[in-house]
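In what follows, a single structure is set out as structure tokens and then discussed.
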Amino acid sequence: MPRDTQRAPFQWVSEVAYKNVHRIVSRGYDTTELMEEGYGVVDVLFVDYQSRIPLIEEEQMLNYVMILALEDGLSAPAAMSRIVARTKTFLTQAAAASILAFGHAYGAYSAFGNRLERYLKKADAQKLSLAEAAALLVKESAKEYESLGVSDLMLNDPAAKRMIARAEKLGVAGKYIAFMKAIVQAAQQQSPEPLDIDMLGATGATMMDLGFSAEATWAILAVTRALAAGAHYIEEIERHPYMRLGESLTPKEDYDGPPDRPVPPLKDRAKITQSGVCKSVDEWAQACEERKKLVGSGYAIVEEIEDPSKKSGIKKVGKL
């Protein structure tokens, strides 16, 4: 077949970067020259995601955020890294597993940020003050305070409030931090329990005031945490031997299910079987309640029917 010159051939096109035998260029800047001039990795994050060299105050603030986000002790991402490490995999696989722990419940920066965006746009459209928009957001969020960056997690830990204070001191606090502070006040007024800003709220609002989108925030902080996951991987394989399939034992003392029982002969099957078929609505409702008591059956889980991508504020999967 002759080549069709009337149709454009498939090719990768990027505004972010290109590379040839002489150099790597990001958003027009030669990356080697950036390093030679003394710019650091934090500066290049602004170049890659925002196509600009940041103010020194912005560079300092992002450095602050990334250091706080990098290590979180034996949290879920670190535990994932350690579990994968024991199965004799490469460090990069373990670090990737740690990033997978950043679900919508753990570090949901995209969901948080996109929600702020929606309500700030609503405030502009409806001529609402930040306080009015924040009260509406809290009211319509059905008391899901943790997804708003407000919880009881940091009532005694000053880290979140100190991040906001640092942003204000550096002069990089803007409308997102102002809105976040209004959300905290609204949540405190509506909640019967004590609440305050947590790291999701402080970090998410600060990153967006630095000009990063909700998705860029999630990407940067997840990968930042993966850097610490590498240290956890190394420690795990230095402290413990690799674990072969079937080698790990689960003692009976750690089991709290039904007691040991004999396997009935197949000829007696009809005597001991129970049907799972419910013949009435009442019977079905009673069976559901009983099944909820069976841990591991899944009946006690409230299924999240909505596409997870919509939790992030994205209206469809794929292109935004």
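The values are calculated or read from the model by the stated rules, or taken from the named source; none is laboratory data. This structure is a prediction, so every number in the text was calculated from the model and none was measured. Positions of Cβ are generated from backbone atoms using ideal geometry, with glycine treated the same way; all protein chains shown enter the neighbour counts. Note: accessible area is taken over every heavy atom of the protein model, side chains too, but ligands, DNA and RNA are not part of it. Shrake-Rupley method; radii C 1.70, N 1.55, O 1.52, S 1.80 Å.
Among the residues of region 203-217, those identified as among the small types (Gly, Ala, Ser) and within 12 Å of GLU117 (Cβ to Cβ) are GLY204, ALA205, SER213, ALA214. Only one of the numbered conditions (1) open to solvent by less than 20 Å² (accessible area, probe 1.4 Å); (2) hydroxyl-bearing (Ser, Thr, Tyr); (3) closer than 19 Å to ALA216 by Cβ is violated by TYR109, and that is (1). Please verify whether region 178-191 includes one or more residues that are farther than 15 Å from ARG115 by Cβ, within 21 Å of the chain's Cα centre (by Cα) and either open to solvent by less than 20 Å² (accessible area, probe 1.4 Å) or modelled with pLDDT of 95 or more (or both). Checked against the condition, which is being farther than 15 Å from ARG115 by Cβ, within 21 Å of the chain's Cα centre (by Cα) and either open to solvent by less than 20 Å² (accessible area, probe 1.4 Å) or modelled with pLDDT of 95 or more (or both), region 178-191 yields no hits at all. The one condition from (1) within 18 Å of ALA111 (Cα to Cα); (2) at pLDDT below 95; (3) buried (at least 20 other Cβ atoms within 10 Å of the Cβ); (4) not charged (D, E, K, R) that LEU195 does not meet is (1). Answer with yes or no whether GLU117 is open to solvent by less than 70 Å² (accessible area, probe 1.4 Å), at pLDDT 85 or above and farther than 11 Å from SER147 by Cβ. Yes, satisfied. Screening ARG291, ARG261, ARG225, ARG244 for residues that are of a type in the set (Lys, Arg), at negative phi and more than 37 Å from the chain's Cα centre (by Cα) leaves exactly one candidate, ARG261.
Against the conditions (1) open to solvent by less than 90 Å² (accessible area, probe 1.4 Å); (2) without any contact (Cβ under 8 Å) to a residue 60 or more places away in the chain, ASP256 satisfies every one except (1). When MET61 is tested against the conditions (1) free of Cβ contacts under 8 Å to residues at least 12 places away in the same chain; (2) touching a Leu at 6+ places or on another chain (Cβ under 6 Å); (3) not basic (Lys, Arg), the lone failure is (1). Out of all the residues in region 147-165, which are crowded, with 18+ Cβ neighbours inside 10 Å and not small (Gly, Ala, Ser)? Listed by number, the residues that qualify are LEU148, VAL150, MET154, MET163, ILE164.
The residues in region 275-311 that are outside any loop (DSSP other than H, G, I, E, B) and at pLDDT 85 or above can be counted, and the count is 12. One residue alone among LYS169, LYS181, LYS161 is in contact with an Asp or Glu (Cβ under 8 Å, 6 or more places away or on another chain) and more than 24 Å from GLY103 (Cβ to Cβ), and that residue is LYS161. In region 266-280, the residues that are of a type in the set (Gly, Ala, Ser) reach residues that are not in a loop (DSSP other than H, G, I, E, B) with C-beta atoms within less than 9 angstrom, at least six apart or across chains, in these pairs: GLY276/ALA287. Taking region 1-56 as the range and being part of a loop (DSSP other than H, G, I, E, B), more than 30 Å from the chain's Cα centre (by Cα) and closer than 30 Å to LEU170 by Cα as the test, the residues that pass are GLY28, GLY38.
Scanning region 57-103 for residues that are assigned to a helix (DSSP H, G or I), open to solvent by less than 50 Å² (accessible area, probe 1.4 Å) and touching a Phe, Trp or Tyr at 6+ places or on another chain (Cβ under 8 Å) yields GLU58, GLU59, LEU62, ALA76, PRO77, SER81, ARG82, VAL84, ALA85, ALA94, ALA95. Return yes when LEU70 is more than 30 Å from LEU170 (Cα to Cα) and hydrophobic (A, V, I, L, M, F, W, C) and no when it is not. It is false that LEU70 is more than 30 Å from LEU170 (Cα to Cα) and hydrophobic (A, V, I, L, M, F, W, C).
Which members of region 16-36 meet the condition of being among the hydroxyl-bearing types (Ser, Thr, Tyr) and closer than 17 Å to GLN50 by Cα?
Applying the first criterion (among the hydroxyl-bearing types (Ser, Thr, Tyr)) to region 16-36 yields 18, 26, 29, 31-32.
If the condition is that a residue be among the hydroxyl-bearing types (Ser, Thr, Tyr) and closer than 17 Å to GLN50 by Cα, then TYR18, SER26, TYR29, THR31 are the ones that fit.
Please determine whether any residue of region 234-253 is touching a residue at least 60 places away in the same chain (Cβ under 8 Å), among the aromatic types (Phe, Trp, Tyr) and farther than 30 Å from ARG52 by Cα. So far as region 234-253 goes, yes, one or more of its residues are touching a residue at least 60 places away in the same chain (Cβ under 8 Å), among the aromatic types (Phe, Trp, Tyr) and farther than 30 Å from ARG52 by Cα.
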